[in-house]
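Notes for the one structure printed next.
Bear in mind these aren't lab numbers, they're just calculated from the coordinates by the rules spelled out. The structure presented is a predicted model; accordingly, all values stated were derived computationally and were not measured. Cβ placement follows ideal geometry from the backbone for every residue including glycine, while neighbour counts extend to all protein chains displayed.
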Amino acid sequence: MARRLPDREEILEIERDLPLLVRTPERWARLAAAHLDVFLADHAVCEQQAALTALNLMAHYPDDQDLVDRMTALAAEEIHHLRRVCGELRKRGIPPARRRSNPWVRGLRERMIREREPALKIDRLLTGALIEARSCERFTRLLAVLGDPDVCALLHDLGPAEKRHWQLFYALASREADASTIKDRWRFWLEVERDLARAGGVHPTVHG
């Protein structure tokens, strides 16, 4: 049975729950819907990178048992998502994409504090939260205009996962400093992401 697509009010409710300061323009969703081959191939790359991010965090902070446990589970979930997206690629005869230069992600990484800990750890986790939050928002906006039932089912399942993921990253960052410090740094990152999103143009990819 076909899944019901979210109506406008449900989409607005999802977006209201996200921390982002700027919405993805609707023309992005229509462009991605018109170029699902590009979107899906890029989506697979993003899921691969998400799993690698979780594994890299474990490698950087092996003494943080809570982080290791949560990133282990996250990496497994992202690999499951990757397999689902790759399945769609194979079914449609779409070749996998290579990793690409992503100005949006690069812009986030360039602004991290790298000279000291736990500032770098906080920045790694908060940028992870931003990436997942933007994925959730874009999946929801694409779902609202998409007519392809298989991709709709995929996004319907993965959108809520991205919401859980950004909240997880934020919660892990919140352990590393007092509430005021985290709030101020989070505001900084939200403003950075807003500016990068506005400057990046519109392409049928998940990010950037």
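In order along the range 91-107, the phi-based Karplus estimate (6.51 cos²θ - 1.76 cosθ + 1.60, θ = phi - 60°) of 3J(HN,Hα) comes to 4, 9, x, 9, x, x, 9, 7, 4, 10, 5, 10, x, 5, 5, 4, x Hz; Gly and Pro are listed as x. Of all the options Ala33, Ala119, Ala144, the one that moves most in a Gaussian network model of the chain with Cα springs shorter than 10 angstrom is Ala119.
Fewest-first ordering of Glu78, Glu176, Glu13 by other beta carbons within 10 Å of each residue's beta carbon gives Glu13, Glu176, Glu78.
If you take all other residues with their beta carbon under 15 Å from the beta carbon of Arg70, and give Lys and Arg +1 and Asp and Glu -1, the sum is -4. Across the range 74-208, C-alpha contacts under 8 Å between residues 6 or more apart give a mean separation that, scaled by the residue count, equals a relative contact order of 32 percent. Our coupling estimate for the range 150-163, obtained by passing each phi through the Karplus curve with A = 6.51, B = -1.76, C = 1.60 and θ = phi - 60°, is 5, 5, 4, 4, 4, 5, 4, 7, 7, x, x, 5, 5, 4 Hz, Gly and Pro reported as x. Applying the Karplus relation 6.51 cos²θ - 1.76 cosθ + 1.60 with θ = phi - 60° to the range 76-87 yields 3J(HN,Hα) values of 5, 5, 5, 5, 4, 4, 4, 5, 5, 5, 4, x Hz, where x marks Gly and Pro. Within the range 30-199, the proportion of Cα pairs with more than 27 Å between them is 27 percent.
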